[in-house]
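Structure below; questions to follow.
The values are calculated or read from the model by the stated rules, or taken from the named source; none is laboratory data. None of the values given here were measured: they were computed from a predicted structure. Positions of Cβ are backbone-derived with ideal geometry, glycine not excepted, and every protein chain shown enters the neighbour counts. All accessible areas refer to the heavy atoms of the entire protein, side chains included, with ligands and DNA or RNA removed. Shrake-Rupley method; radii C 1.70, N 1.55, O 1.52, S 1.80 Å.
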Amino acid sequence: VERKGRERKEGCYSMKDVWKDGSQTNLKLWKKDYDRVLTLAKNAYNSTSVTQIQAESLFLLARVFHIRNDEANALKYYDRACKLAPDLSPARFGLAQTLVWEEHYDQAAAHLKLVLGTSANATDALALLGLLEVKNNTAADRKSAFTYLKKAIDLDPLNPDLVLLEALALQQQESDYSKSLEKYKKAIELMEVVSPSKK
């Protein structure tokens, strides 16, 4: 049974509005209720002296600001979370993303390397670090860049986004245009496999 505000798609529901009905387990569901996240995260931060909980609260605050495209506040809260819990990889990855936004590429790369130190198989971190290394445009950085991108693709070979990133990186040098074109074609093939068009 479908109700107003929900769409059924291949075995799952997509909510358009906040869920107002009850549930069998009395759990409440919210969608994009960022004001509630801010309130709960601030309360959690202020209600404990446990550093890890404070760091995770700051991370949640940062995520809300990040989602709302308020990079300055996101950067501030990600940074505070990382200072409280240096091994909190999701906060450090968010910090790297906001540093890229602020065009502080060397700092972003340093944080991504720290993420990979605790989460060696983080494909998003590998891909972003690869792109940053390509941007440096030295032979050593370029070699390192493709090592990171290749590792990300090896970990998730059916992800067309990663292959697209490799194609984009290859496209930066005219001598690699043919390789870049091959990767773009490969990405298109993967996209068709992942979500085949309905005929």
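Give the number of residues within region 85-110 that are open to solvent by 60 Å² or more (accessible area, probe 1.4 Å) and over 16 Å from R63 (Cα atoms).
Residues that pass the stated criteria total 8.
Now, a different point. Which of the numbered conditions does F65 fail, given that it passes all the others? Conditions: (1) surrounded by fewer than 15 Cβ atoms within 10 Å (Cβ to Cβ); (2) in contact with an Asp or Glu (Cβ under 9 Å, 6 or more places away or on another chain); (3) modelled with pLDDT of 95 or more.
All conditions are met except number (1).
Also, quick follow-up: Only helices (runs of 4 or more DSSP H) wholly contained in region 113-185 count here; list those with 2 or more residues that are small (G, A, S) and within 16 Å of the chain's Cα centre (by Cα).
Per the criteria, 123-136.
Scan region 166-184 for residues that are within 18 Å of G130 (Cα to Cα) and charged (D, E, K, R) and report the count.
Looking only at that region, the number is 4.
Might you check whether a residue that is more than 18 Å from the chain's Cα centre (by Cα) and either modelled with pLDDT of 95 or more or not in a strand (DSSP E or B) (or both) occurs anywhere in region 98-108?
For region 98-108, residues more than 18 Å from the chain's Cα centre (by Cα) and either modelled with pLDDT of 95 or more or not in a strand (DSSP E or B) (or both): present.
Evaluate the following for V37: is it at pLDDT below 95 and under 25 Å from W101 (Cβ atoms)?
yes
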